[in-house]
Amino acid sequence: MDKKDIQNLGERTKAVHAGEFPDPATNASAPNIVMSTTFVVDADTGFSVEGMDETDTWVYTRWGNPTIRQLEEKLSALEGAETAVAFASGMGAITALLFHLLRAGDHAVVSDVAYAALSEITNELIPELGVEITKVDTSDTAAVEAAIRANTKLVYVETPCNPILRLTDIVAVATVAHRAGAKLAVDSTFATPMATRPLLLGADFVIHSLTKYLCGHGDALGGVLLGNANDLALLRRQTAVRLGGTISPFNAWLIIRGLATLPLRMRVHQENALKIASYLEQNSAIKRVIYPGLSSHPQHELAKRQMNNFSGIITFQVNDRRSVKKIAERLEIIHYAVSLGHHRSLIFYLDSGDLLKTSFKFATSRQYDSWNIFAGEGIFRFSAGLEDAEDLIADLEQALDV
Ligand SMILES: *Cc1c(COP(=O)(O)O)cnc(C)c1O
């Protein structure tokens, strides 16, 4: 189906059809997996990616591949973006973006609580390359504004952020970033395109770990950057292709398949999460539940404005910290495992003391206060899967009865 026609169709139709077409050679209805790393080319084909154009025929899979391109087109349609560049993982996408935008002498404002690996490379590796980083609580727009300098090239936010589910007002932060001539990148992994379209709210780049909701089945790593066609064509040539974090066509195919049901899955993730969050809120073993869909979330009004779906991730604190291990061991249906956004429910305990040592560095007491509001001494991060909510609640009930 033509790219322009697809934009006018509904989300479910886009999820099923965008980027797909019957195979011209066989009329196969489902997409092929093209695993070839190289392609037979004309004798006048160039040997450097420097001259590569987005519309060129295939040369080498690190430069581009038909199955990967089908994934990129489906993702662009769902996010409402001009272009997408897919990567081997979410971190592959993030590092390509940082290498694209930042040089020694530049400055970036980065969310003080965000995905751990991004937090850790911006604590050490990136500053060691001569790029200054200021970590701020990006839910505080005034703090973002105060951190901006003449050489600020990038404002980097995650909303809702991993792991504490604190939100950032994308419209407000985009205004502040653009006034200073900086780009705004939004990691929208927790929201998914079913909840939020950061590009329509003023962001310049959107990042997703495809490993989470977009694949949805816990069996393929992947990442993507979305944005305007000019920026991303440059990024593809200058960093994506050369840094080499290329997604396997097999993983691209699995994620294409997962994306077809994204709109349906996100409805059930939200429905289950809301039921479970409400159940947890009235359980006497629980100290605090954080879920953007609950009126008790400190930013519920912003969540209602910025999210069309509250997604499936909940955090909760228990009254008795010594019960954590027992709860983890007692769960039968829910897997005690990292990651999130899968059809299987997953849970993991994150200890605040540990995270503040390894990953998150705060400079002000306000930053500590905000952490304490959302995470206290530590949180269970629960990713509500697609099982029956009643079964998940029963599993939690027997595990929490300690
Ligand atoms: C998982 C995750 C990432 C990293 O993705 P990988 O695919 O594991 O590299 C980045 N951002 C967020 C918000 C994540 O949850």
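Could we say that residue 246 is in contact with a Lys or Arg (Cβ under 8 Å, 6 or more places away or on another chain), open to solvent by 10 Å² or more (accessible area, probe 1.4 Å) and either over 20 Å from residue 14 (Cα atoms) or in a loop (DSSP other than H, G, I, E, B) (or both) here?
Numbers: in contact with a Lys or Arg (Cβ under 8 Å, 6 or more places away or on another chain): yes; open to solvent by 10 Å² or more (accessible area, probe 1.4 Å): yes; either over 20 Å from residue 14 (Cα atoms) or in a loop (DSSP other than H, G, I, E, B) (or both): yes.
So residue 246 passes the test.
Exactly one condition in (1) crowded, with 24+ Cβ neighbours inside 10 Å; (2) under 20 Å from residue 269 (Cα atoms) is false for residue 197; which is it?
Here residue 197 meets the rest and fails (1).
If you check 72, 54, which single one turns out to be closer than 30 Å to residue 155 by Cβ and either open to solvent by 30 Å² or more (accessible area, probe 1.4 Å) or touching a Ser or Thr at 6+ places or on another chain (Cβ under 6 Å) (or both)? Give the steps one after another, and end with the answer.
Details: 72 fails: either open to solvent by 30 Å² or more (accessible area, probe 1.4 Å) or touching a Ser or Thr at 6+ places or on another chain (Cβ under 6 Å) (or both).
Exactly one of 72, 54 is closer than 30 Å to residue 155 by Cβ and either open to solvent by 30 Å² or more (accessible area, probe 1.4 Å) or touching a Ser or Thr at 6+ places or on another chain (Cβ under 6 Å) (or both), namely 54.
Condition test on residue 140, is it under 24 Å from the mean Cα position of the chain (by Cα) and open to solvent by 30 Å² or more (accessible area, probe 1.4 Å)?
Values: under 24 Å from the mean Cα position of the chain (by Cα): yes; open to solvent by 30 Å² or more (accessible area, probe 1.4 Å): yes.
Against the criterion (under 24 Å from the mean Cα position of the chain (by Cα) and open to solvent by 30 Å² or more (accessible area, probe 1.4 Å)), residue 140 qualifies.
May I ask you to say which residue of 391, 395, 369 is modelled with pLDDT of 95 or more, buried (at least 17 other Cβ atoms within 10 Å of the Cβ) and part of a helix (DSSP H, G or I)?
Values: 391 fails: buried (at least 17 other Cβ atoms within 10 Å of the Cβ); 369 fails: buried (at least 17 other Cβ atoms within 10 Å of the Cβ).
Result: 395 is the single residue among 391, 395, 369 that is modelled with pLDDT of 95 or more, buried (at least 17 other Cβ atoms within 10 Å of the Cβ) and part of a helix (DSSP H, G or I).
A quick yes/no check of all residues on (1) in a loop (DSSP other than H, G, I, E, B); (2) polar (S, T, N, Q); (3) surrounded by 12 or more Cβ atoms within 10 Å (Cβ to Cβ):
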position: 8; (1), (2), (3): yes, yes, no
position: 22; (1), (2), (3): yes, no, no
position: 28; (1), (2), (3): yes, no, no
position: 41; (1), (2), (3): yes, no, yes
position: 50; (1), (2), (3): no, no, no
position: 62; (1), (2), (3): yes, no, yes
position: 67; (1), (2), (3): no, yes, yes
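So the check is Cβ under 7 Å with 6+ separation or different chains; which pairs have a first residue in region 197-210 that's at pLDDT 95 or above and a second one that's part of a loop (DSSP other than H, G, I, E, B) and more than 16 Å from the ligand (Cβ to nearest atom)?
What qualifies is 197/80; 199/80; 199/81; 200/80; 206/81; 206/199.
Is one or more of the residues making up region 150-164 open to solvent by less than 10 Å² (accessible area, probe 1.4 Å), modelled with pLDDT of 95 or more and more than 22 Å from the chain's Cα centre (by Cα)?
yes
Kindly indicate whether any position in region 235-242 is assigned to a helix (DSSP H, G or I), away from the ligand (no atom under 11 Å from the Cβ) and either of a type in the set (S, T, N, Q) or touching a Pro at 6+ places or on another chain (Cβ under 6 Å) (or both).
Scanning region 235-242 turns up at least one residue that is assigned to a helix (DSSP H, G or I), away from the ligand (no atom under 11 Å from the Cβ) and either of a type in the set (S, T, N, Q) or touching a Pro at 6+ places or on another chain (Cβ under 6 Å) (or both).
Before we move on, is residue 47 of a type outside the set (Val, Ile, Thr) and at pLDDT 95 or above?
Details: of a type outside the set (Val, Ile, Thr): yes; at pLDDT 95 or above: no.
No.
Pull up region 184-207, narrow it to residues that are assigned to a loop (DSSP other than H, G, I, E, B) and among the charged types (D, E, K, R), then point me to the one that is farthest from the chain's Cα centre (by Cα). Full working, then the answer.
Kept after step one, since they are assigned to a loop (DSSP other than H, G, I, E, B), are these residues of region 184-207: 188-204.
Adding the requirement that they be among the charged types (D, E, K, R) leaves 197, 204.
Values: 197: 12, 204: 15 Å.
So, considering only residues that are assigned to a loop (DSSP other than H, G, I, E, B) and among the charged types (D, E, K, R), the one farthest from the chain's Cα centre (by Cα) is 204.
Can you go through 340, 386, 355 and tell me which one is open to solvent by less than 10 Å² (accessible area, probe 1.4 Å) and not assigned by TED's automatic domain parsing to the domain that holds residue 164?
Details: 386 fails: open to solvent by less than 10 Å² (accessible area, probe 1.4 Å); 355 fails: open to solvent by less than 10 Å² (accessible area, probe 1.4 Å).
Only one candidate passes the filter, namely 340.
Can you tell me which residues in region 75-89 are within 27 Å of residue 119 (Cβ to Cβ) and open to solvent by 20 Å² or more (accessible area, probe 1.4 Å)?
Answer for region 75-89, where residues must be within 27 Å of residue 119 (Cβ to Cβ) and open to solvent by 20 Å² or more (accessible area, probe 1.4 Å): 88, 89.
Given (1) within 14 Å of the ligand (Cβ to nearest atom); (2) assigned to a loop (DSSP other than H, G, I, E, B), where does residue 86 come up short, assuming only one miss?
(2)
Every residue in region 12-27 that is of a type in the set (Val, Ile, Thr) and either touching a helix residue (DSSP H, G or I) at 6+ places or on another chain (Cβ under 8 Å) or over 18 Å from residue 254 (Cβ atoms) (or both), please.
So the first thing to find is which residues in region 12-27 are of a type in the set (Val, Ile, Thr), and the list is 13, 16, 26.
Listed by number, the residues that qualify are 13, 26.
Tell me which residues, restricted to region 221-274, are among the acidic types (Asp, Glu) and modelled with pLDDT under 95.
The answer is none; no residue qualifies.
Which residues, taken from region 90-111, are among the polar types (S, T, N, Q) and open to solvent by 20 Å² or more (accessible area, probe 1.4 Å)? Spell out the reasoning first.
Step one: list which residues in region 90-111 are among the polar types (S, T, N, Q), which gives 95, 111.
Matches in region 90-111: 95 only.
With 308, 319 as the choices, which residue is within 17 Å of the chain's Cα centre (by Cα) and of a type outside the set (Val, Ile, Thr)?
Working: 319 fails: within 17 Å of the chain's Cα centre (by Cα).
The unique qualifying residue is 308.
Can you tell me which residue in region 208-223 is nearest to the ligand (Cβ to nearest atom), limited to those that are part of a strand (DSSP E or B) and open to solvent by less than 10 Å² (accessible area, probe 1.4 Å)? Working first, answer last.
Step one: filter region 208-223 for residues part of a strand (DSSP E or B), giving 208-209, 223.
From what is left, the residues that are open to solvent by less than 10 Å² (accessible area, probe 1.4 Å) are 208, 223.
Working: 208: 8, 223: 5 Å.
The residue in question is 223.
The values are calculated or read from the model by the stated rules, or taken from the named source; none is laboratory data. Quick caveat: nothing in here was measured; it's all calculated off a predicted structure. Counting neighbours? That spans all protein chains shown, and the Cβs are built from the backbone with ideal geometry, glycine included. Side chains included, ligands, DNA and RNA excluded: accessible areas come from the protein's heavy atoms. Shrake-Rupley method; radii C 1.70, N 1.55, O 1.52, S 1.80 Å.
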